[in-house]
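The values are calculated or read from the model by the stated rules, or taken from the named source; none is laboratory data. The structure displayed is predicted, hence computed values, not measured ones. So basically every Cβ, Gly included, is an ideal-geometry build from the backbone, and we count neighbours across all protein chains shown.
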Number of protein chains: 4
Amino acid sequence: MDTKLETTEERIIQAAIEIFAQKGYNGTTTKEIAVKAGVAEGTIFRYFPKKQDLLHGILYKAIEVMVPKIAGHGIVEIFDHNVEKSDREILITFMKNRLEMIQQHFSIIKVILNEVQYHSDIEDLWFQKIIPPIKGIIDRFFAEGMRKGRFRQYHPSILTGIMVGAAIMSILLQRYEDLAEGLTKEEIIEQMADVLLNGIAKK
Amino acid sequence: MDTKLETTEERIIQAAIEIFAQKGYNGTTTKEIAVKAGVAEGTIFRYFPKKQDLLHGILYKAIEVMVPKIAGHGIVEIFDHNVEKSDREILITFMKNRLEMIQQHFSIIKVILNEVQYHSDIEDLWFQKIIPPIKGIIDRFFAEGMRKGRFRQYHPSILTGIMVGAAIMSILLQRYEDLAEGLTKEEIIEQMADVLLNGIAKK
Amino acid sequence: MDTKLETTEERIIQAAIEIFAQKGYNGTTTKEIAVKAGVAEGTIFRYFPKKQDLLHGILYKAIEVMVPKIAGHGIVEIFDHNVEKSDREILITFMKNRLEMIQQHFSIIKVILNEVQYHSDIEDLWFQKIIPPIKGIIDRFFAEGMRKGRFRQYHPSILTGIMVGAAIMSILLQRYEDLAEGLTKEEIIEQMADVLLNGIAKK
Amino acid sequence: MDTKLETTEERIIQAAIEIFAQKGYNGTTTKEIAVKAGVAEGTIFRYFPKKQDLLHGILYKAIEVMVPKIAGHGIVEIFDHNVEKSDREILITFMKNRLEMIQQHFSIIKVILNEVQYHSDIEDLWFQKIIPPIKGIIDRFFAEGMRKGRFRQYHPSILTGIMVGAAIMSILLQRYEDLAEGLTKEEIIEQMADVLLNGIAKK
DNA sequence: AATGAATGAGCTTTCATTCAT
DNA sequence: GATGAATGAAAGCTCATTCAT
């Protein structure tokens, strides 16, 4: 049985992520989560005594599962072991690779991005455990390029900012097809990477 | 009396915008709005029979007040009457100018960006009345540059996407100073504009 | 102007009667009455400081206008001046005549019959000012018939009861045509009167 | 414990019937019902998500419990197995018997009679599930008498109408003793039955 | 006299949370 | 461990009533 492969706690968390993503934390009832998770309402409170604790549960899951995937997993391979690859290839590989992951974890990211605005305890974790490692890894890529003299001098945060902004927009362009008819997922990413690299390449 | 300069309806809308921005639509009670607006709770329902209608009220206000300012106001002056100005000057002027406006209307934009995710009726208006005029104006700037041979050929949506993404990130970088220590508002925008222009400029 | 032929107070009372009849006292808002009466909501409270007072106003109107019509008007003519007419003719004439009036004042009667159940102050007036004169007039008809030896001896209240019961049912039979398909208004009343008269006639 | 013999749902329905009968549907608060039923207000809404649903619950209870008792239970015994009894005995037995039941279920009948006026969904059920079986059973009694040549020819609906009207009035005469001083319950019914039977008997 | 915006008490309804089973 | 009936505080909403104009 598929159901039994996950623990009750995981089923609840997973259900919460999906419904929070759809309706927002405050727009979701514990009843809905219980139904989706296939448990009784009371069971939720055995694992998460307050509804708020579900958000924390989600956040912890994100920190444990998602951040390593985005910030860590394979990063060395992509950035360091590829001396022979061009910056363009590296950047595009990286963006595609990470966007893939972002889209796999879209719901959880959506929930966190939304709820971080309203819950200061979550905000703290966000700015301490999630943003820094991700920002760090991207900053390093650009800093490295500058150090090696291939990129012009900018504050790395600027470049990371543009890249993340571009990544966000690429997701939106994909989700709302009307905005960029005709453009494929690949084209969007590649063109954005081109603009960014042209923008920072020395000459 | 300051209070009497605005209508009751406007005071309610304004209060709703501010609290919705802080706590989200579902996290806000009509009682809170009433207190902030300085009216009785029942008064809210004279103007907005359902709490939902406050959201529509906000959206209509945005469409009437904000969109023209961002998409329309002064656009001709900036883009057309400035033949003698460089693209860089134009783009930076435009970005600064619009970001100023976005920040003036930050709360209302924040509310709409958040709630558009959960309310399909709002989503419709958003994609019909708000996004198209704004996207149109920026698309045109880039299309014009391409037509005149100053910019390389990209799908305008790509460039608009990068610019908007950059604009969003510039706001975030400003709001969370830790992310870009040392960088001023001006520097952020100018550097981003530089990267973007370098990225698309022919040679 | 038709509107000006009635006083504001009368327009309000009339509107109240009609909406109370449709929706019941507690199901009706003063706003609805105001709209139907063509006045501002506040105006109602100039004439009827409490919503309850509207009910009293209606009751007083009924006592002044309706009761005399049902209990008094033309009664002498029907019952006394018609020595040459048969009991059957008299009874049928009377029933048709009064049912006509009841149906003309249907709304007001409906309101009183419904609200008398819930408002003890109205109940008092009902049992003091409305029921006695009406019951008196009918009782007297039967008592007279008994005294003259044409009717068997029953308690007059019994006969009045049957007659009123029959009258009520005749109205219902008319209103819900499914209950008595094919029967006309006249047939219903005449057959009911027949049964009643046969039931009480000596031999 | 008496309380545990009934389900929560039944206690709520019973409380609702009693208070609705006293104050009318719109005059009753869910709080009052909760107190009378001995449950929390929220509990009512577990069983009846809208206040309206309480009315439906009451109606369904009436259809299930009351209609069979009035229209069905013992009808065969009274009408058919009593060939040796006179029509008078049968009619009086029937009327006493049913009036007993009506008075046992007085509150629920009162509620339905009142609310059927204002709620069209209830009206539908009323005219489909409640009226027809009851009317049918009485109609048949009279039709049978006519067929056997003991009663004169009338439209059965007329006779049923008179009988029901008489039944209603007999209840009112009992409840408001002033209207028929001195008359006992039995006398009222017997005299009314007499009038009716005399009225329709052949010769 | 008449208006209708404003009020706030009180209503119906929701839902996180508890707890006996 | 799991259930789901029950809770009650608090939410959205209604509406009779007031009052400045």
D:M101: within 22 Å of D:I13 (Cα to Cα) and surrounded by 15 or more Cβ atoms within 10 Å (Cβ to Cβ), yes or no?
-> yes
Test B:G145 against the criterion of being in contact with an Asp or Glu (Cβ under 9 Å, 6 or more places away or on another chain), in contact (Cβ under 8 Å) with a residue 40 or more places away in the chain and in a helix (DSSP H, G or I), and give yes or no.
-> yes
What are the residue pairs meeting all of these: first residue in region D:17-37, first residue under 20 Å from D:V116 (Cα atoms), second residue more than 8 Å from DNA strand E (Cβ to nearest atom) and of a type in the set (S, T, N, Q), Cβ atoms under 7 Å, and 6 or more apart or on different chains?
-> D:I17/D:S107; D:E18/D:S107; D:A21/D:S107; D:G24/C:N26; D:G24/D:N114; D:N26/C:N26; D:G27/C:N26
Hey, any hits in region C:140-151 for a residue that's within 12 Å of chain D (Cβ to nearest Cβ) and either of a type in the set (S, T, Y) or under 16 Å from the mean Cα position of the chain (by Cα) (or both)?
-> no
Filter result for the condition that a residue is assigned to a helix (DSSP H, G or I), within 16 Å of DNA strand E (Cβ to nearest atom) and within 12 Å of A:V111 (Cα to Cα), over A:I33, A:I44, A:I12, A:I19 | A:I19
Could you figure out which of (1) outside any helix (DSSP H, G or I); (2) at pLDDT 90 or above isn't true of A:V83?
-> (2)
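Answer yes or no as to whether C:K203 is in a loop (DSSP other than H, G, I, E, B), at pLDDT below 90 and within 12 Å of chain D (Cβ to nearest Cβ).
Numbers: in a loop (DSSP other than H, G, I, E, B): yes; at pLDDT below 90: yes; within 12 Å of chain D (Cβ to nearest Cβ): yes.
Here the answer is yes, as C:K203 does meet what is asked.
So if I check each of C:L179, C:L113, C:L197, C:L183, which one is modelled with pLDDT of 90 or more and either in a loop (DSSP other than H, G, I, E, B) or within 11 Å of chain D (Cβ to nearest Cβ) (or both)?
Details: C:L179 fails: modelled with pLDDT of 90 or more; C:L197 fails: modelled with pLDDT of 90 or more; C:L183 fails: modelled with pLDDT of 90 or more.
Result of the check over C:L179, C:L113, C:L197, C:L183: C:L113.
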Which numbered condition B:Y154 misses (of (1) part of a helix (DSSP H, G or I); (2) at pLDDT 85 or above) | (1)
Conditions (1) in contact (Cβ under 8 Å) with a residue 40 or more places away in the chain; (2) within 12 Å of chain A (Cβ to nearest Cβ): number failed by B:D121 | (2)
Return yes or no: is C:I122 closer than 16 Å to C:I102 by Cβ and either more than 15 Å from the chain's Cα centre (by Cα) or of a type in the set (A, V, I, L, M, F, W, C) (or both)?
-> no
Taking region C:124-143 and keeping residues of a type in the set (D, E) and surrounded by 15 or more Cβ atoms within 10 Å (Cβ to Cβ) leaves C:D139
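Evaluate the following for A:I168: is it surrounded by 17 or more Cβ atoms within 10 Å (Cβ to Cβ) and more than 9 Å from every other protein chain (Cβ to nearest Cβ)?
Numbers: surrounded by 17 or more Cβ atoms within 10 Å (Cβ to Cβ): yes; more than 9 Å from every other protein chain (Cβ to nearest Cβ): no.
It is false that A:I168 is surrounded by 17 or more Cβ atoms within 10 Å (Cβ to Cβ) and more than 9 Å from every other protein chain (Cβ to nearest Cβ).
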So, of the residues in region A:46-58 that are more than 14 Å from chain B (Cβ to nearest Cβ) and surrounded by 15 or more Cβ atoms within 10 Å (Cβ to Cβ), which turns out to be nearest to DNA strand F (Cβ to nearest atom)?
-> A:Y47
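Results for (1) more than 8 Å from DNA strand F (Cβ to nearest atom); (2) at pLDDT below 95; (3) over 20 Å from B:D124 (Cβ atoms), shown as yes or no for each residue.
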position	(1), (2), (3)
B:V35	yes, no, yes
B:V39	yes, no, yes
B:I44	no, no, yes
B:Y60	yes, yes, no
B:V65	yes, yes, no
B:A71	yes, yes, no
Consider B:G57 carefully, then state whether it is away from DNA strand E (no atom under 13 Å from the Cβ) and closer than 16 Å to B:T7 by Cβ.
-> yes
